[in-house]
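Structure record follows, encoded as structure tokens.
The values are calculated or read from the model by the stated rules, or taken from the named source; none is laboratory data. The structure displayed is predicted, hence computed values, not measured ones. Cβ atoms come from the backbone with ideal geometry, glycine included; neighbour counts cover every protein chain shown.
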Amino acid sequence: MKRLEPNLLLAVSAGFALLLVVITASAFGPEIGLVRNPVMAVLCAGGFVLLNPVLQRRMGQPVRPPMVRPDAPGGAVWAALFPAVLFLLAAIPVFRPGYDYGLLVIVAAVMFGVTAESAIRAR
């Protein structure tokens, strides 16, 4: 392997950040989140990756290129904000424990879905 695919690395780092969001939301939230948060993360991320291309075709939108491309070097900097934002979202339950963070998990799962979709398109 001579070169790692940057979109795949972006998706892997966003995946670890999503895992951290799910862990902190489950640990510092209500007890029902222990089962609900991981299930929501998998369903939302998987649903986004599977259903977003279908919805884009039906709406007549052009196919988006991968997030990190050689012809747009500044895109890598903007794409790196996705895992950074996810890590910041993972810190919220630590400092404000006791709330239900289901919406936070859904937002993080969709952000991961965007990076996963980008990695699939780059392949």
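Checked against the criterion of being modelled with pLDDT under 95 and either under 26 Å from G98 (Cβ atoms) or not acidic (D, E) (or both), the candidates G29, G15 yield just one match: G29. Checked against the criterion of being more than 20 Å from A91 (Cβ to Cβ) and surrounded by 17 or more Cβ atoms within 10 Å (Cβ to Cβ), region 15-23 contains not a single residue that satisfies it.
Among the residues of region 51-94, how many are under 19 Å from the mean Cα position of the chain (by Cα), of a type outside the set (F, W, Y), assigned to a helix (DSSP H, G or I) and within 24 Å of V21 (Cβ to Cβ)? Number of matching residues: 17. F48 satisfies every condition listed in (1) closer than 21 Å to L88 by Cα; (2) among the aromatic types (F, W, Y); (3) in contact with a Gly (Cβ under 9 Å, 6 or more places away or on another chain) except (1). One residue stands out in region 24-56 among those that are of a type in the set (G, A, S) and farther than 26 Å from V68 by Cα: the one that is surrounded by the fewest Cβ atoms within 10 Å (Cβ to Cβ), namely A27. Consider region 1-31 and keep the residues that are part of a loop (DSSP other than H, G, I, E, B) and in contact (Cβ under 8 Å) with a residue 12 or more places away in the chain. The one that is nearest to the chain's Cα centre (by Cα) is E5. Going through region 95-107 one residue at a time, which ones are more than 13 Å from the chain's Cα centre (by Cα) and either acidic (D, E) or assigned to a helix (DSSP H, G or I) (or both)? Result: F95, D100, G102, L103.
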